[in-house]
Each structure stands twice: as structure tokens, then as C-alpha cells.
């Protein structure tokens with residue numbers, strides 16, 4: 001046993017001596033260069049099919065005597081310098097010219113056996129890759145001692161290369177779901193569309209917009225997605241439409257849209273065009289199954305019908321405006337039916353529609369469109385328009401809750417006459433002139449009226465016109481602002497003609513005397 005143990009120990013010592021002798025006397029192996037491969041590299045580089053201009057490229061490297069720490073890559077002809085990365089893939093958006101083209105991609109693997117110090121120039125013996133990449137902690141774009149750097153070892157002297165034939169893809173465009181034209185409207189409309197390109201949305205350089213004739217279009221900037229069109233001059237023999245980018249009054253396009261047909265059907269067309277000249281098809285709005293009839297403004301007055309369909313008030317007001325002041329307005333006003341005419345992007349389109357007219361008469365029942373009233377009233381008046389309201393307000397319902405702040409958004413009032421409105425007002429109630437010396441006609445209700453309330457007008461900015469005097473309810477019911485731009489009566493005038501002809505007298509007083517309507 002002792003003899004065997006001694007032999008084993010001697011043998012171990014001898015092997016150790018031999019091993020040490022080999023480490024000392026052997027010549028160290030020279031660091032070998034890594035090799036680089038492209039994941040999609042085909043047997044025949046020229047056989048790669050045409051790609052889209054936005055593509056993902058994969059690569060990998062192999063080092064026979066070490067580790068790969070990263071890669072240098074560049075697109076030949078597009079970049080002068082190489083880019084370092086530790087990733088094995090990247091997505092690139094290649095620029096598209098006016099025709100299909102071919103790009104050559106180069107990538108070289110880097111091994112980890114650097115020299116332990118920061119180098120201001122590294123090379124593979126053929127190409128200069130610049131300074132070693134580092135993390136610029138202090139942001140001075142210069143390497144400072146202590147900052148982390150990638151210690152570049154051997155770089156593949158024969159970078160992997162691949163040609164990528166790039167085929168341009170045509171852009172796509174479609175109208176947004178919110179852009180649905182009404183069957184008829186005035187020559188104001190807001191349009192929105194969606195456009196994209198597989199080569200990158202930034203490659204879309206133009207949006208071509210046409211009206212009725214696709215051979216005559218306006219070329220908008222490629223990033224445009226929403227415009228408001230409004231008539232430039234309704235009296236012109238060949239009227240054109242201004243183009244408000246994003247619906248903004250401060251961003252009117254330099255060219256007008258031609259070929260508008262008034263009192264006739266019209267159709268819009270849109271097309272996307274990319275940097276190469278590739279275009280989508282022109283797509284119509286509305287499609288060929290529908291029509292869009294564009295009304296010509298007949299004059300300076302617009303009547304807004306804010307009542308449910310089938311109301312007899314429509315006939316009443318048409319007759320009234322056709323006969324007031326000796327028929328001076330006959331055939332010279334338009335009616336806008338809020339329920340019937342649903343506009344795309346109404347917050348823009350509705351206000352621009354009102355601006356086509358100098359005078360507005362707005363009537364409703366107990367549930368007027370408060371959103372529109374709030375949206376347009378003050379802006380319309382500030383722009384020089386004059387507006388008269390005949391409205392009642394239900395205190396609460398499933399659709400909205402009335403409060404003073406809501407009304408003050410468009411009416412110059414300090415308060416409500418009662419905490420709750422009366423549910424109804426009997427026929428024969430009197431609307432007496434607040435100033436007995438005024439030339440406003442006294443009025444009398446002809447029918448039972450629901451949801452009547454009185455108001456406290458702003459003492460600083462308005463003049464009371466009518467006070468309601470009845471056994472059921474008393475207080476101010478109508479007023480006109482001191483600038484003679486807004487008239488309000490909290491009653492449906494079509495139900496206040498108990499003394500025949502007085503509503504015609506009132507409308508004449510409001511529009512021709514107070515508002516100064518001239519034809």
C-alpha cells in the first residue's frame with residue numbers, strides 16, 4: 001500500500017512538471033478574426049426578391065478563439081461611417097427614390113480580445129471604423145478616462161454583404177368612418193381621411209383632393225389628414241372652395257378647390273401620392289350609391305329648425321318670413337334642419353355654415369341643442385352676426401339637466417325667474433311690453449305651452465322687451481342685448497300668434513329695425 005501511494009505521488013509530480021514545461025515552451029496562438037453571416041443570405045445574392053423599403057435585417061458572427069462583443073454595419077452609398085451595435089438585428093427604413101432601386105448592406109463581427117486601452121482608431125486592415133464606441137456619461141462627445149468603452153478586438157476583414165432590391169409600395173388612403181356626408185348641405189364641409197404606406201407614412205408626400213373632376217386637383221402636403229372646405233364667393237359664376245387645414249382659420253391653403261356645383265349634386269375625391277410618384281386610386285365621397293346635394297345660400301338670413309321632424313312650426317315660419325315687411329324676404333332665406341342634417345365634425349362645420357349668413361333665427365321646443373347653442377352663439381356674434389332665439393327649456397329630462405351656468409354660455413342673464421319652470425301655460429296668456437312706449441307688438445298665446453320659465457336679464461348689457469303676465473306666472477320673458485346683436489324670447493313664437501299677424505310684426509321689428517337687415 002505504501003509503495004503504491006508513493007508511485008502515484010511521483011507520477012503526479014512528473015505530469016505537473018511536463019505540463020508546466022509545455023506551457024512555458026509553446027508559442028501563443030495569434031488571435032483569429034471572426035466571421036460574419038447574414039441570416040437571410042441566399043445562395044445567390046442576386047436572387048433575393050424585391051423588398052419593401054422598411055425591412056428587418058438579421059446577422060450573426062462566429063469567432064474560432066473567442067467571443068463576439070458586437071458588430072459594425074453600414075448601408076453602402078447611404079452612409080460614409082460605420083455604426084456599432086451589440087444587437088443581432090435591426091429594422092431599417094430606406095429612402096425611396098423616384099424608381100425601384102437596390103441597396104447593399106455590410107456588417108462585420110467584432111471579437112472581444114482588445115488591447116485593454118481606449119483607441120481613437122480601429123481598423124480591420126481594409127476599413128477605418130473610427131474611434132472605439134463608448135458611453136458618453138458627461139455628454140461632451142469626447143471619451144474621458146473612466147467612461148465605459150467597448151474594447152474592440154479583431155474585426156472581420158471581409159464583412160458579410162447583401163444586396164436588397166427595394167420595390168416601392170403604393171400608398172393606401174380611405175375616408176374616416178366619421179366623414180359621412182349628409183344628403184344635402186350648404187357649401188361647407190369638414191373631411192377626414194386615413195393614409196398609410198408600407199414604406200413608411202413619411203414617404204407620403206402629397207394628398208390630392210378633387211371636386212367632381214379628378215383631372216383638376218389640389219395637391220396638399222402629405223401629412224394632411226383633416227380639412228374644412230367652405231365656399232369662397234357664393235355669387236361667383238364659377239365658385240371655388242377655400243381649404244382650411246385642420247379646420248383652422250389661421251391655416252388656409254394657398255389654392256382653392258375648383259368645380260363646385262351649387263344647387264346640384266357633387267362628389268369629392270381623394271388620393272395619396274408617395275415620394276416615388278406612386279399613387280393610390282382616387283376614392284369618392286360619397287360613393288356612387290348616394291348623392292351630396294350642395295345648396296346655394298339664397299340670401300343673408302338662415303332659419304334654424306331645432307324641432308323634431310313633422311312639426312307644424314316649419315310651415316308657420318316659412319309663411320312668416322315670406323310675408324314680413326311686404327314680402328321683402330320671399331325666396332331670400334334658407335332653412336337648416338338640425339335633426340335632418342347631420343354634419344361631419346359639427347363643431348367646425350356648423351359654425352362655418354352659420355358664417356355664410358348675416359342673420360339667424362333659431363327656434364326650438366323645450367329641448368334645444370344646447371351643445372350647438374353654446375358652441376356657436378358668442379363666436380357668431382363676435383364675427384358680426386346677429387341672432388334671434390325662440391326657445392323654451394325643460395328643467396330636466398333623460399337627455400340633459402338645465403342649469404344657470406349652461407344658459408349663461410350663450411344668454412346674457414343674471415338668473416332664472418323661478419327655481420322650477422311651470423309645466424304649462426294656458427292659451428290667452430299675455431306677453432306685455434316691458435316698456436309701454438316701445439314699438440314691439442303685444443303678444444298672446446294661442447295654444448297651451450309647456451315648460452315656460454321667466455328670466456333675470458343682465459342689467460348691464462340687455463334691454464327687457466316682454467314681461468309675461470298671467471295668473472300662473474309673471475316675470476321677464478324676452479330681451480335684446482344693447483349691441484342689437486342678440487334677441488331672446490323664452491316662448492315658441494309659433495304658439496304666440498293669438499292675435500293674428502303680431503308675430504309678423506315682431507319679426508319685422510327684430511330683423512329690419514333692431515338688427516338693421518338690408519337687402
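Values in this text are rule-based calculations from the coordinates and carry no lab data. Since the structure is predicted, the reported quantities are computational estimates derived from the model, not experimental observations. All Cβ positions, even for glycine, are placed from backbone atoms using ideal geometry, and neighbour counts span all protein chains on display.
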Among 163-172, 429-438, what's the highest-first ranking by average C-beta atoms within 10 angstrom per residue? 163-172, 429-438
Under the 7 Å Cα-to-Cβ spin-label approximation, residue 318 and residue 439 lie apart by a distance in nanometres of 3.1 nm
Footprinting exposure proxy for 494, 120, 58 (fewest neighbouring C-beta atoms within 10 Å first): 120, 58, 494
In whole Å, what is the distance between the alpha-carbon centres of the range 77-121 and the range 133-156? 17 Å
On a C-alpha basis, how far is the centre of the range 473-519 from the centre of the range 275-316 in Å? Whole number, if you could? 30 Å
Between 0 and 90°, nearest 10: helix 370-382 axis offset from the chain longest Cα axis: 80 degrees
Could you work out how far helix 313-327 tilts from the main Cα principal axis of the chain, as a 0 to 90 degree angle to the nearest 10? 60 degrees
Please report the relative contact order for the chain, taking Cα pairs under 8 Å with a sequence separation of at least 6, and give it as a percent rounded to a whole number. 9 percent
Scan [x] 1.03; [y] 0.95; [z] 1.32 for the value of Rg/Rh (Cα atoms, Kirkwood Rh) calculated from this model and give just the label. [z]
Helix-only [θ] at 222 nm, the chain, -39500 (n - 2.57) per DSSP H run of 4+, per residue, nearest 500, equals -4500 deg cm²/dmol
How far is helix 2-25 tilted, in degrees, relative to the longest principal axis of the Cα atoms in the chain, given as a value from 0 to 90 rounded to the nearest 10? 70 degrees
Fewest first, what order do 85, 353 take by the number of other Cβ atoms within 10 Å? 85, 353
Sequence of 302, 473 once ranked by neighbouring C-beta atoms within 10 Å, starting from the fewest: 473, 302
In this structure, the FRET efficiency calculated for residue 76 and residue 263 from their beta-carbon separation, with R0 = 56 Å, to the nearest 0.05, is 0.35
Can you tell me the length gained on complete extension of the stretch residue 255 to residue 238, counting 0.36 nm per residue apart and subtracting the Cα distance? 4.6 nm
